[in-house]
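First comes the structure, then the notes that go with it.
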Amino acid sequence: MEQKKLLDKNKNPFFNNAEIALFNATYNGEPAGRIAAIIDHRFNKFHNRRTGFFGFFECIDNQSTVDLLFKVAEDWLKERGMKDILGPANPGMMDEIGILVDGFDKYPSILMPYHKSYYDKLIKQAGYDKEMDLLTFLVTQDSVDRERAERAVNIVKKRLPGIKIRKINLKKIRDEVRIIKEIFNSAWKNNWGFIPLSTEEFDALASDLKTIVDTDFAHIAEIDGTPVGFSVAFPDYNQIFRNMNGRLLPLGIFKILWNKRKINKIRTALMGVIPKYQGKGIDVLLHRESIQNGVVRNYYSSEVGWILENNVHMVRVAEKIGGELDKRYRMYSKKLV
């Protein structure tokens with residue numbers, strides 16, 4: 001249901017400023033692969049580029065099939081004036097992105113992709129180079145350094161005496177989304193691959209996520225009442241979904257309601273602090289708040305990510321709170337000549 005909505009041009013506001021073409025490959029009459037060619041006009045306008053994207057890539061372990069899929073997508077993009085290709089983005093840079101290249105022995109967390117181990121080799125042999133790696137870190141009750149975290153919290157509170165961490169108010173979700181949008185667009189504007197998200201995209205995101213958001217893990221940081229940062233983590237419903245075979249009806253909804261009490265992991269999916277207050281430890285306070293609430297509810301672990309491999313500050317924050325590198329995802333690029 002969610003995948004259908006994601007690809008529906010009438011329901012996904014991403015397509016208000018984007019185009020997409022979907023291609024399937026068969027081998028001896030059997031499904032063998034798929035790929036999407038995507039043009040995000042807002043991305044190109046913001047970055048002054050002519051970049052196309054590939055997305056929704058899946059394929060059998062067959063180089064000829066992979067080469068054919070990419071050729072079809074590249075030709076479609078070249079016909080529309082694109083000069084290079086980046087991906088995967090499914091379909092945009094704020095959706096699932098990247099190919100898993102390390103961490104195949106672990107289940108994917110909610111809203112994170114999973115791939116076969118041979119994808120990296122096939123994509124590179126199709127002429128693509130690594131563009132950027134995206135990292136996730138795992139914090140557990142065993143690895144978290146609570147004493148160090150408490151010292152950091154005390155230092156931040158002395159440095160910023162007006163700091164307060166509050167829960168997101170789901171009864172005022174649209175107002176909260178506006179706050180998060182402003183912080184996100186300010187905090188991420190200098191990061192690789194950034195594009196400011198529209199109000200429509202954030203509203204759609206809020207509509208999708210409010211059913212799984214848990215206010216114990218969704219917070220806004222304020223200084224003297226002014227929002228300066230936020231963090232949104234979700235209970236890892238993939239622990240339930242992976243046993244449902246993709247089916248919500250007729251019994252899936254009851255499995256969710258019954259088994260949600262067994263979830264013991266969260267994933268910190270979104271976080272941002274406005275530039276004026278970056279590097280002052282607010283992100284540590286936000287992480288610590290979710291971790292503390294998780295301990296009370298017997299959650300064992302938290303996945304933090306993804307984090308850009310060149311975002312040294314956030315990598316260090318993840319390490320300081322006890323995070324260990326858990327998975328690595330890769331974005332690829334190629335010139336279209």
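The values are calculated or read from the model by the stated rules, or taken from the named source; none is laboratory data. Just so it is clear, the model here is predicted, and its values are computed rather than measured. With ideal geometry, Cβ positions are generated from the backbone for all residues, glycine too; neighbour counts draw on all protein chains shown.
Overview of values
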| quantity | calculated |
| --- | --- |
| When residues of region 265-307 are limited to those that are out of contact with any Asp or Glu (no Cβ under 8 Å at 6 or more places or on another chain) and of a type in the set (S, T, N, Q), the one nearest to Asp142 (Cα to Cα) | Ser301 |
| Residue in region 113-135 that is among the polar types (S, T, N, Q), assigned to a helix (DSSP H, G or I) and not assigned by TED's automatic domain parsing to the domain that holds Asn264 present | yes |
| The one condition in (1) surrounded by fewer than 22 Cβ atoms within 10 Å (Cβ to Cβ); (2) among the hydrophobic types (A, V, I, L, M, F, W, C); (3) in a strand (DSSP E or B) that Leu248 fails to fulfil | (3) |
| Flag for Glu176 being out of contact with any strand residue (DSSP E or B) (no Cβ under 6 Å at 6 or more places or on another chain), surrounded by 17 or more Cβ atoms within 10 Å (Cβ to Cβ) and acidic (Asp, Glu) | yes |
| Filtered residues of region 111-167 (kept if of a type in the set (D, E, K, R), within 29 Å of Phe241 (Cα to Cα) and in contact (Cβ under 8 Å) with a residue 40 or more places away in the chain) | Lys116, Asp120, Asp133, Lys167 |
| Any hit, region 18-40, residues being in contact (Cβ under 8 Å) with a residue 24 or more places away in the chain, more than 18 Å from Glu74 (Cβ to Cβ) and assigned to a helix (DSSP H, G or I) | no |
| From Lys164, Lys189, Lys157, residue being assigned by TED's automatic domain parsing to the domain that holds His219, out of contact with any helix residue (DSSP H, G or I) (no Cβ under 7 Å at 6 or more places or on another chain) and assigned to a loop (DSSP other than H, G, I, E, B) | Lys189 |
| Test: residue in region 1-9 that is of a type outside the set (D, E, K, R), in a loop (DSSP other than H, G, I, E, B), modelled with pLDDT under 95 and buried (at least 17 other Cβ atoms within 10 Å of the Cβ) | no |
| Residue identified as loosely packed, with under 14 Cβ neighbours inside 10 Å, in contact (Cβ under 8 Å) with a residue 40 or more places away in the chain and touching a strand residue (DSSP E or B) at 6+ places or on another chain (Cβ under 9 Å) among Lys276, Lys280 | Lys276 |
| Qualifying residues in region 83-98 (those that are surrounded by fewer than 21 Cβ atoms within 10 Å (Cβ to Cβ) and either without any contact (Cβ under 8 Å) to a residue 60 or more places away in the chain or hydrophobic (A, V, I, L, M, F, W, C) (or both)) - the one farthest from Lys45 (Cα to Cα) | Glu96 |
| Residues being crowded, with 19+ Cβ neighbours inside 10 Å and either outside the structural domain of Glu182 (by TED's automatic domain parsing) or at pLDDT 95 or above (or both) - total across region 219-233 | 7 |
| Among (1) assigned to a loop (DSSP other than H, G, I, E, B); (2) free of Cβ contacts under 8 Å to residues at least 12 places away in the same chain - the single one Leu257 does not satisfy | (1) |
| Set Asp236, Asp203, Asp214: member being surrounded by 14 or more Cβ atoms within 10 Å (Cβ to Cβ), under 19 Å from the mean Cα position of the chain (by Cα) and more than 24 Å from Pro108 (Cα to Cα) | Asp203 |
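Per-residue answers, yes or no, for (1) at pLDDT 90 or above; (2) under 17 Å from Val144 (Cβ atoms); (3) in contact with a helix residue (DSSP H, G or I) (Cβ under 7 Å, 6 or more places away or on another chain):
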| position | (1), (2), (3) |
| --- | --- |
| Leu257 | no, no, no |
| Val273 | yes, no, yes |
| Tyr277 | yes, no, no |
| Leu286 | yes, yes, no |
| Glu289 | yes, yes, no |
| Val312 | yes, no, no |
